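The structure appears below as C-alpha cells.
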Amino acid sequence: MPALPTQGPPPRIRIEDVSPDVDCGRFRAKRCVGDDLEVAATIFRDGHDVLRAIARFRAPGARRWREVPMHRPEPEASPDRWHAAFPLDARGRWTWVVEAWSDPFATWRSELERKLAAGQLDLDPELAEGAVILGAAAGRTTGRGARRLEEASRMLGDPARPAESRAAAALDAELSAICELLPESTGRTEAPRMLEVDVERPRARFGAWYELFPRSWGGFDGVLARLPEFASLGFEVIYLPPIHPIGQTNRKGRNDALTAAPGEPGSPWAIGSALGGHTAIHPDLGTIEDFDRLVAGAADHGLELALDFAIQCSADHPWLTEHPEWFYRRPDGTLKYAENPPKRYQDIYNVDFGCADWRALWRALRDVVLYWVGHGVRIFRVDNPHTKPVAFWEWLIEEVRAQEPEVIFLAEAFTRAAMMRELAKVGFSQSYTYFTWKNTRHELTEYVEELAHSQMQEYFRPNFFVNTPDILSEYLQTGGTAAFAIRLTLAATLAPTYGIYSGFEHFEGTPRHPGSEEYLNSEKYEAKDRHLDGPLLPFISMLNGLRRDHPALQRLENVTFLETENDQLIAYLKRTPGESLIVVVNLDPRYGQEGVTIVPADSGLPPAFTVVDLLSGESFDWRLGRNYVRLDPSRRVAHILEVVRS
C-alpha cells in the first residue's frame, strides 16, 4: 500500500493518455517547421468541479514558456478528451506539457445554474460563497474590471436584496467574461511527464527524389550540366550512391560475376582503395572541388544532393591496415565478408561494432558524416542501417544534428517492421517502406492506413521509392508501360516523399532471371550512358508540378480511402484547409476497369459538386454517394480530381 504524501494531499485531477506520446516519452514525436502540433489528453477528477486545461510549450533554446487553452470539441461523445494546437515555427526540440485545474468561479456558477433550473431558490449560502469568489477575483485586477467585480461581490453578499436579482447578477455574461480572464486555479496538476517534439525542416516530410549513378552521367560535371533539367522536371533531391574509390580485391563483374573483367568498374558499395576510403572521391567522377561545385549548382536550381552513407569496406580500404581491430575475424584469423543469404557480397567487409576499440570506430564513422556535412551535404541515405546497432544510430544522429540541425537521414531498412519503426524512433527522418511490394487494393489500403492513422504517423515518415537498383518488383517486370505510370501515380499522390531510380522513366523492367528482383545488366556493376529522354518524363513532370501546387498532396495523415466496389480500382480523398482532391487509380495495367467511387456523407463535401481532372482538364459533376468511373490503362491510369469550391 502506498505511503501517504508528506507535502499535502495527492492531486485529485487525473491527466492520462496524453498524445502525441511515443513509447511513454522515451522517443520524440516528429513534425516540420510550419506544422501545428495538435495535442490531446484525457482529463477528469472526482466530483463535479469545472476543469480548465492548457498546453504549455517552449521553443528550442527559449527560456519563456507559452501556453494555449485546451478545449473539449466533442463534449457529448468524449466529455473528458481535451485538445489544443500550437504552431511550430522553429527547427529543433520543443518541450510541452499539459496542465489542468479546477475553476472555482465556473464551478460555483454551474452549481448555481443547476439549482435555479431545479427550482431550488434557497440560495443565500451559494450567493455568499459567490461574493467571496468575486471579491478575490477583484483583487487580481485593476480598473473597470475590478470595480465591476467589487460591485457584484457587494450585491451578492447583501441579504437585503432579493435572491432572484442577486442570482441574475451572478449569472451576468459580462461578469463571466471578466472572470475568464482572471482564472483562479485550485488543485493545479501537471501531466506526469513533459514531452518533446522534434521539429525538422520541411524537406524531411516532402520531396521528390531521383537516384542516379554519376559514373553513368559523365561524372560530377555531367550531372552538374543536367541539373536544370532535373529542376524543370520538379525533382527536389538528387541522390548519389557511394562516390568513393572502389576496391580491386574481389571486385564484382557484370551481373554480379565473382570476377571482374579488365576495365569493369565494380560496385560503388565496395568502398575503399589505395586512393582512400569514405572521405575520398573516385577519380573518374571528379575532385572534391568538382563535388563542391555540384553541391552549389544544385542549390542554385533549388535542388539538394543526398549522399549514400554505407558502413562497409572493400578489402583495400585503408581502415583494414590502419585499424584491423575494427573488423571481425574468424577463429582462423580470416575476415568474413558480408552476407545476407542467399545474397553474398564477396567484395565488402563489415566493421565490428562490438570490438574493443568501438568508441574510436563510432567516432570515425561520425567524422565521415561530418566531413561531407562540411562540404554542403544535408541529406544522407543510409545503407542497411538495420544491420548496425540501434544505439549507434541514436548517438550518431544526435551528434551530427547537434552540429548541423538541418541534416536529414533516410533509412534504407527493408527489414522487420519492429526494427524499421525503432530506427525511425531513434532519429531517422525518413524510412524506406514496404510500398514496393504492396500492389492490390487491400494491401495498399491496409498499409497506408497503418502509416497514416496508427501511432506510426507520429514518428515514421515514409519515402515511397517505386524502384531501386536492388529492387525491380514483379509488378513492373510483368505489367508493361502502364504499370510504371500506375506505381508512379500511387507513390506521388499517396506519400509526401517518393523517389525513382534512373531507368524507371525508360520502363526498364527486365530481371536477371525469372523470379529475381535484380536488374539484368544491373547498373551496380557497370556504367551506362544515361540521358534524360525517357517517354515517362512528361507524366513525371506533371505529377511533380501538381505535388508542388497542391498542399493536399504534401501530407500523409489527411488520406481517407473510398469504396469503389471493384478491387481493381483504388480511390482516396486528400484534404487540407481550402482544398479537396479525389484520386482514383486503375491497379490493372492491362485492362480497362469500371466501378463507382463512393463519397461518404461525412466527407465534409457538399451534396453535389464539380470536380476538375488535374491530369486532363476535364470537368465532371459528382455528388455524395456513388460516382461512376472508368479507367483504361491504354489511355489513362488515373483521375486526380480537384473539388471546385463554390
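Based on the Cα gyration tensor of the chain, what are the three equivalent ellipsoid semi-axes, each the root of five times an eigenvalue, rounded to whole Å and given largest first?
On the way: eigenvalues 662, 214, 83 Å².
The three semi-axes for the chain are 58, 33, 20 Å.
Which order do the peptides 243-253, 190-200 come out in when sorted by mean C-beta neighbours inside 10 angstrom, highest first? Numbers along the way, then the final one.
Values: 243-253: 21.7, 190-200: 18.8.
Ranked by mean Cβ neighbours within 10 Å, highest first: 243-253, 190-200.
Tell me the mean residue ellipticity at 222 nm calculated for the chain from its helices only (DSSP H runs of n ≥ 4, each -39500 (n - 2.57), averaged over every residue, nearest 500). Before the final figure, lay out each step's value.
Values: 15 runs with 176 residues, N = 646.
Taking each H run of at least 4 residues, the total per residue is -8500 deg cm²/dmol.
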Compute the distance in nm between two label points, each set 7 Å from the Cα along the Cα-to-Cβ direction, one at residue 340 and one at residue 147. 7.8
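Once the Cβ-Cβ distance between residue 635 and residue 603 is put in as r, and R0 is 25 Å, what FRET efficiency do you end up with, to the nearest 0.05?
On the way: r = 28 Å, r/R0 = 1.11.
Taking R0 as 25 Å, the efficiency between residue 635 and residue 603 is 0.35.
Given R₀ = 30 Å, FRET efficiency for residue 171-residue 44 by Cβ-Cβ distance, to 0.05?
Once rounded, the FRET efficiency stands at 0.70.
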Rounded to whole Å, give me the distance from the Cα center of the stretch 70-110 to that of the stretch 242-295. 57
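Just order 308-315, 7-14, 254-261, 623-630 by mean Cβ neighbour count inside 10 Å, highest at the front, would you?
Numbers: 308-315: 21.5, 7-14: 11.6, 254-261: 13.4, 623-630: 14.9.
Those peptides, ordered most packed to least, come out 308-315, 623-630, 254-261, 7-14.
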Among 631-639, 498-506, the order from most to least packed when residues are scored by Cβ within 10 Å on average: 498-506, 631-639
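Under the definition of Cα pairs under 8 Å and six or more residues apart, what whole-number percent is the relative contact order of the stretch 186-262?
Details: 45 pairs, mean separation 20.2, N = 77.
Contact order relative to length: 26 percent.
When only Cα pairs under 8 Å and 6 or more residues apart are kept, what is the percent relative contact order across the stretch 93-220? Mind showing how you got there, number by number?
On the way: 119 pairs, mean separation 51.9, N = 128.
For the stretch 93-220, the relative contact order is 41 percent.
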Calculate the FRET efficiency for residue 565 and residue 363 from the Cβ-Cβ distance with a Förster distance of 60 Å, rounded to the nearest 0.05. 0.55
With each pseudo-label sitting 7 Å past Cα toward Cβ, what's the residue 437-residue 26 distance in nm, one decimal? 2.6
How far apart, in nm, are two points set 7 Å out from the Cα along the Cα-to-Cβ line at residue 188 and at residue 474? 6.3
In whole angstrom, note down how far apart the Cα centers of the stretch 354-383 and the stretch 309-339 are. 17
Give the distance, in whole Å, between the Cα centre of the stretch 558-583 and the Cα centre of the stretch 480-514. 21
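Remind me, relative contact order of the chain in percent, using alpha carbon pairs under 8 angstrom and six or more residues apart? Before the final figure, lay out each step's value.
Values: 1277 pairs, mean separation 65.0, N = 646.
Answer for the chain is 10 percent.
Any read-out appearing in this document is the output of simple, stated calculations on the displayed coordinates, not a laboratory observation. Owing to the predicted nature of the structure, the values given are computational and were not obtained by experimental measurement. When we count neighbours, we look across all protein chains shown, and the Cβ atoms used for this are built from the backbone with ideal geometry, even at glycine.
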